[in-house]
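Here is the structure we will look at.
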Amino acid sequence: MLEYNIPEEWEEVTDKKLSDLIAKTGEMASVNDDDVKIYFDHDTEGYLFLVPEVYGGEEIMHAYRVARKPNDNQAEVDLSKSDDPMARMGQGFCPPFNPHTYEAADGVICMQDQEVVMRDGCKIYADIYRPDTDKPVPTIVSWSWFGKRPGDGMSEWQIMGVPPMTVSKCAKFESPDPLYWCYQGYAVANVDVRGAGHSEGNVHMFTHQDREDGYDFVEWVARQPWSNGKVGMSGNSGVAMHQWGIAAEQPPHLVCIAPWECTTDLYRESFFEGGVPALSFNKFIAAQVTGPNGVDDQVAMAKMYPDMNAYWNDKRANFRNVKIPVYQTAGWSHFHLPGSFNAWRRCRSHLKWLRVHRDFEWPDTYNPKNLEDLKHFYDRYLRGIHNGWEMTPRVRLDIMDGYDVDYQAERPEKAWPIKRTEYKKLYFDASTPKDCVELDHKSACYELRTEPVSTEGKASYNPEDEELDFDLTLPEDVEITGYMNLHLFVSCDGYDDMDLFINIQKADSEGNWVPWLTLDEPHPGAWGKCRVSRATVDEGLTKKHTPVYTMTDTHKLADGEIRAVDIAIVPTARVYHKGERFRVQISGRYIRDGWFEPLSWDTDNHGTHNIHTGGQYDSWIEIPVVPPRYQAGEYIHR
């Protein structure tokens, strides 16, 4: 068995406590096995049980958190009045078990708590909404552990960025609304996956067990007498993430998927982005799950297994197996951005479309224009209607400018990255500081150059509360769309590691920050992160301009060592006008105020951070400059 760590905040439970725990939690697989260990986590004040399981041929101790229990009195709760914005959106709500069929709305039938048996005998439950018709219809599946009927616990949906009454109470969180799709001739299956709600077993988050269950459900729903045998999947964020894994299993009746914004390498894109742990943020995910037994506790697993291993790799879908039609979206403003691009680029489908926007994921999902667009996609592949969908541009991009202004909306492109892109290097110059605009935070300002810098320089900052800005004033309008990668020489006085947080920003001619807005809040910019001790590049996973780290070894900084690191910057698309500044901001922390998501990283910063430039320390950033499609004199068309 692979060796693992036991965090100091975990206390192993005695036999008597174990008996009490079993009485509380009900049936847990293999709980009487001598190999099972029970712990109390003093950090989260919850119980964990550890069970040996096999991933990729390797035996690993798997930590499950004891889930919140379904409670019959939850039917009396009104989540709409909660102070917690995530609770207001229904995560984990579980109404009483009540299998029956009823009319959910005029002309819409709901078959509630339908039992579906998986290949190993485990029973899961789904609510099936379908048009009240004798004509067979295709099915759109929402697959997640969020809770399949949160509307029973609220007076109305409270979704950030979405007006009240937009989404019906029949919808799951981040999922297709049955009271839209049923009226378009589709059934919608809201599924409580294994271990969620009243479904049996333990919740498996994105593992092979979850993918196999998804395969089984797709094939079950396709056999139902009201089905036309064609199944699609829909949903954004967590509901989108499942789609890639299930599609990679290639269930015969899964015809198409629409994953609208998704993380696809949980370890590298979420829990340890750039090597920097984000465990504090991810704690709330397992805590939101309601079910009879346990839930895959990914935070606990990150503490037990901080290196990449078979467990974490099992959560990555085999994108090359996905060959069915795909309609993927991505948002320039959200942490699902890199995963959305990675999945779309790596899948082998010849029928795949990508739309990238500035908006936040929820208002984008329920925008009526986008719903109509998605309907055309589903009509083509789930209903066989030849509606010209194939003429939709394979890539559509919002090109951002400043604040809530887009320079271009849904600009069509034939490929991603854009083929006409010209990559150019900008060189950091810390030899001479320049004046900074007065800001609320502490900043030191330096120049970016278009040519290599011969003079060596060093810029230093306190990672706790200071940052560096490197600016280039642009002599003409420039569009920067695509991938950027950063090559920095760094050192640390007084410590053996560094956590670097990078933001790519825009400033006006006087140096004032010009953000873009999402949900009317300023976004800090295209980002990158790096824990220097973990920044060993994986040549197998790395694509041009997108370095990926192995995350299997740790190399601390020696005293006085200056080390080169390569840092991936997430994709972006932005126009900079003549006289505006292209800015690279470097700090030791995440800088963002007023945002509702509890984003945080568990940094390990001490001492003084140094960025070395010029001469033998040739620090640079490579940027994707997209030339106009057509230019005649002063006329430019992008």
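The values are calculated or read from the model by the stated rules, or taken from the named source; none is laboratory data. Small disclaimer: the values here were computed from a predicted structure and weren't measured. Here Cβ is always computed from backbone atoms with ideal geometry, including for glycine, and neighbour counts include all displayed protein chains. Each accessible area value is taken on the protein alone, full model and side chains, heavy atoms only, with ligands, DNA and RNA left out. Shrake-Rupley method; radii C 1.70, N 1.55, O 1.52, S 1.80 Å.
Which residues, counting only those in segment 445-468, are surrounded by fewer than 17 Cβ atoms within 10 Å (Cβ to Cβ) and outside any strand (DSSP E or B)?
Thr450, Glu451, Pro452, Ser454, Thr455, Glu456, Asn462, Glu464, Asp465, listed by residue number.
Out of segment 556-596, which residues are touching a helix residue (DSSP H, G or I) at 6+ places or on another chain (Cβ under 8 Å) and either in a loop (DSSP other than H, G, I, E, B) or closer than 27 Å to Gly161 by Cα (or both)?
Lys556, Leu557, Val570, Pro571, Phe596
Identify all residues within segment 414-434 that are in a loop (DSSP other than H, G, I, E, B) and open to solvent by 80 Å² or more (accessible area, probe 1.4 Å); write none if there are none.
The answer is Lys414, Lys419.
Has segment 254-261 got any residue that is part of a loop (DSSP other than H, G, I, E, B) and surrounded by 23 or more Cβ atoms within 10 Å (Cβ to Cβ)?
For segment 254-261, residues part of a loop (DSSP other than H, G, I, E, B) and surrounded by 23 or more Cβ atoms within 10 Å (Cβ to Cβ): present.
Restricting the first residue to segment 444-457 and requiring it to be over 20 Å from Val625 (Cβ atoms) and hydroxyl-bearing (Ser, Thr, Tyr), which pairs with a second residue that is at pLDDT 95 or above and assigned to a loop (DSSP other than H, G, I, E, B) meet a Cβ separation below 8 Å and a spacing of at least six or different chains?
Ser454/Gly615; Thr455/Gly615
In segment 533-556, which residues are farther than 20 Å from Asp499 by Cβ and open to solvent by 30 Å² or more (accessible area, probe 1.4 Å)?
Residues satisfying the conditions are Glu539, Gly540, Leu541, Thr542, Lys543, Lys544.
Being surrounded by fewer than 21 Cβ atoms within 10 Å (Cβ to Cβ) and in contact (Cβ under 8 Å) with a residue 40 or more places away in the chain is the requirement here; does Ile621 meet it?
No: the conditions fail for Ile621.
I'd like the residue in segment 287-300 that is open to solvent by less than 10 Å² (accessible area, probe 1.4 Å) and of a type in the set (A, V, I, L, M, F, W, C) and, out of all such residues, is nearest to Asp602 (Cα to Cα).
Checked segment 287-300; the qualifying residue nearest to Asp602 (Cα to Cα) is Ala300.
Select the strands (runs of 3 or more DSSP E) contained entirely in segment 301-410, then report the ones holding at least 2 residues which are touching a residue at least 60 places away in the same chain (Cβ under 8 Å), in contact with a helix residue (DSSP H, G or I) (Cβ under 9 Å, 6 or more places away or on another chain) and farther than 30 Å from Ser533 by Cα.
Per the criteria, 326-331, 352-357.
Out of Asp398, Asp471, Asp477, which single residue is at pLDDT 95 or above, surrounded by 14 or more Cβ atoms within 10 Å (Cβ to Cβ) and in contact with an Asp or Glu (Cβ under 6 Å, 6 or more places away or on another chain)?
Exactly one residue qualifies, and that residue is Asp398.
Give the residues of segment 612-630 that are assigned to a loop (DSSP other than H, G, I, E, B) and closer than 25 Å to Ala564 by Cα, sorted by residue number. Show your work before the answer.
Taking segment 612-630 first, the residues assigned to a loop (DSSP other than H, G, I, E, B) are 615-616, 618-619, 626-629.
Within segment 612-630, Gly615, Gln616, Asp618, Ser619 meet the criteria.
Taking Asp496 as meeting all but one of (1) under 23 Å from Glu466 (Cα atoms); (2) open to solvent by 20 Å² or more (accessible area, probe 1.4 Å); (3) outside any loop (DSSP other than H, G, I, E, B), write down the number of the exception.
(3)
Looking only at segment 508-517, which residues are outside any loop (DSSP other than H, G, I, E, B) and surrounded by fewer than 22 Cβ atoms within 10 Å (Cβ to Cβ)?
Let us first name the residues in segment 508-517 that are outside any loop (DSSP other than H, G, I, E, B), namely 513, 516-517.
If the condition is that a residue be outside any loop (DSSP other than H, G, I, E, B) and surrounded by fewer than 22 Cβ atoms within 10 Å (Cβ to Cβ), then Trp513, Leu517 are the ones that fit.
Output the residue which, of all residues in segment 483-493 that are surrounded by 19 or more Cβ atoms within 10 Å (Cβ to Cβ) and not β-branched (Val, Ile, Thr), is nearest to the chain's Cα centre (by Cα).
Checked segment 483-493; the qualifying residue nearest to the chain's Cα centre (by Cα) is Tyr483.
Among the residues of segment 421-429, are any of a type outside the set (Asp, Glu), modelled with pLDDT of 95 or more and under 26 Å from the mean Cα position of the chain (by Cα)? I'd like the intermediate steps shown before the answer.
Step one: of segment 421-429, the residues of a type outside the set (Asp, Glu) are 421, 423-428.
If we keep only those that are modelled with pLDDT of 95 or more too, we end up with 421, 423-428.
Adding the requirement that they be under 26 Å from the mean Cα position of the chain (by Cα) leaves none.
Looking through segment 421-429, none of the residues is of a type outside the set (Asp, Glu), modelled with pLDDT of 95 or more and under 26 Å from the mean Cα position of the chain (by Cα).
Within segment 192-210, is even one residue open to solvent by 30 Å² or more (accessible area, probe 1.4 Å), among the hydrophobic types (A, V, I, L, M, F, W, C) and either modelled with pLDDT of 95 or more or not in a strand (DSSP E or B) (or both)?
no
Going by the structure shown, is Glu156 at pLDDT 95 or above, touching a Lys or Arg at 6+ places or on another chain (Cβ under 9 Å) and not polar (S, T, N, Q)? Give the steps one after another, and end with the answer.
On the way: at pLDDT 95 or above: no; touching a Lys or Arg at 6+ places or on another chain (Cβ under 9 Å): yes; not polar (S, T, N, Q): yes.
For Glu156, the condition - at pLDDT 95 or above, touching a Lys or Arg at 6+ places or on another chain (Cβ under 9 Å) and not polar (S, T, N, Q) - is not met.
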